[in-house]
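One structure below.
The values are calculated or read from the model by the stated rules, or taken from the named source; none is laboratory data. Quantities reported herein were computed from a predicted structural model and do not represent experimental measurements. FYI the Cβ positions are ideal-geometry reconstructions off the backbone, even for glycines, and counts take in every protein chain you see.
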Amino acid sequence: MTPLVFFAVLTAAMLHAVWNALVKGGADKRLNMAGVVIGHLPLAVPMLAFVPAPDPASYPYLIAGIALHFGYQMFLLGSYNVGDLTQVYPIARGVAPLLVAAVSLVFLGVDLSSMEVLAVVTIAAGILSIALVRGADGLRNGRATAMALTTGCFIASYSLVDGLGARVAGTALGYYAWLGIANAVIFTGFMAATTPQVLRDLPTKGLKVFLVGGSASFAAYSLVMWAFTQSPIALVTALRETSIIFALLIGVLMMGERLSLGKVASTMITLLGVILLRVTRS
């Protein structure tokens, strides 16, 4: 992984934590999620004029990716309704790199060095250990855990599908612009059918999340999509999930969530994995 890819994915991780915190921090999480997803449109639509269209061979990946992103958003929203940021986020993001790495090694024939595998496992262990700290604090929530695990499976699935699809498409940004627009349209239709008040509130109560969260989300995954075409998907996915460090800081500093010695230790484990990944050259 080159320095440019490494720092691009770290930037994406920071932006990813920002929009997740906006969704979790607001009183109306459906409105916030709608703001983020529909908020892709102001960047995705103009991007069509500057990037090539994806190769038709990537259309099956594109369709699957749209479905997986929608499922992810539904389960993430459900997770945040029953659990807090520092429980749901680590579980959902922690299992994803392990699943992606396993599928990459076993089914896709991706060649990862022993040090790269160690880096991925260390990052995932650090992330998941934060959720274990929450359990040790007496804040166990079985329903939130189940929802978060399912969310993690969706993350792993769309990461693999999008990574492969972007390579086949021949344009990471063109592929994601199409995906982002389609996802926003489908999510808008879902909100109109189930909670039309959300769409009415979006230009007023949801404007901040629409502008800030939507832009952060689209920019974050655009960087990740590009990185998928430059480095192994498993390594990009693992590094992206270091967004947990940023999420932890946001949760503690801005949302009043408690910082403990266990969380500090978990963060250090995650950072160790990042260091291992950085010093390992693909």
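Quick notes on this one:
- Restricting attention to the range 182-210 and to residues that are part of a loop (DSSP other than H, G, I, E, B) and hydroxyl-bearing (Ser, Thr, Tyr), the residue that is surrounded by the most Cβ atoms within 10 Å (Cβ to Cβ) turns out to be Thr195.
- Those residues of the range 234-253 which are more than 26 Å from Ala102 (Cα to Cα) and in contact with a helix residue (DSSP H, G or I) (Cβ under 7 Å, 6 or more places away or on another chain), in sequence order: Leu248, Ile250, Gly251
- Scanning the range 230-267 for residues that are modelled with pLDDT under 75 and basic (Lys, Arg) yields a total of 1.
- Here is the figure for the range 1-38: residues that are outside any helix (DSSP H, G or I) and under 16 Å from the mean Cα position of the chain (by Cα) total 0.
- Residue in the range 45-65 that is farther than 21 Å from Ser266 by Cα, of a type in the set (Phe, Trp, Tyr) and either touching a Cys at 6+ places or on another chain (Cβ under 8 Å) or in a helix (DSSP H, G or I) (or both) present: yes
- Scanning the range 106-116 for residues that are assigned to a helix (DSSP H, G or I) and surrounded by 16 or more Cβ atoms within 10 Å (Cβ to Cβ) returns a single hit, Glu116.
- If you go through the range 211-233 and keep only what is over 20 Å from Ala96 (Cα atoms), among the small types (Gly, Ala, Ser) and surrounded by fewer than 24 Cβ atoms within 10 Å (Cβ to Cβ), you end up with Ser215, Ala216, Ala219.
- Residue in the range 179-194 that is over 14 Å from the mean Cα position of the chain (by Cα), within 23 Å of Ala101 (Cα to Cα) and small (Gly, Ala, Ser) present: no
- Whichever residue in the range 64-98 is modelled with pLDDT of 85 or more and among the aromatic types (Phe, Trp, Tyr) and, among such residues, is surrounded by the fewest Cβ atoms within 10 Å (Cβ to Cβ): Phe70
- Any helices (runs of 4 or more DSSP H) falling wholly within the range 212-282 and containing at least 3 residues that are of a type in the set (Gly, Ala, Ser): 214-228, 243-254, 261-279
- Condition check for Phe75: in contact (Cβ under 8 Å) with a residue 12 or more places away in the chain, within 18 Å of Tyr158 (Cα to Cα), out of contact with any Gly (no Cβ under 6 Å at 6 or more places or on another chain) and not β-branched (Val, Ile, Thr): yes
- Test result for Val264, buried (at least 20 other Cβ atoms within 10 Å of the Cβ) and over 21 Å from the mean Cα position of the chain (by Cα): no
- In the range 166-175, the condition of being free of Cβ contacts under 8 Å to residues at least 60 places away in the same chain and crowded, with 23+ Cβ neighbours inside 10 Å is met by at least one residue.
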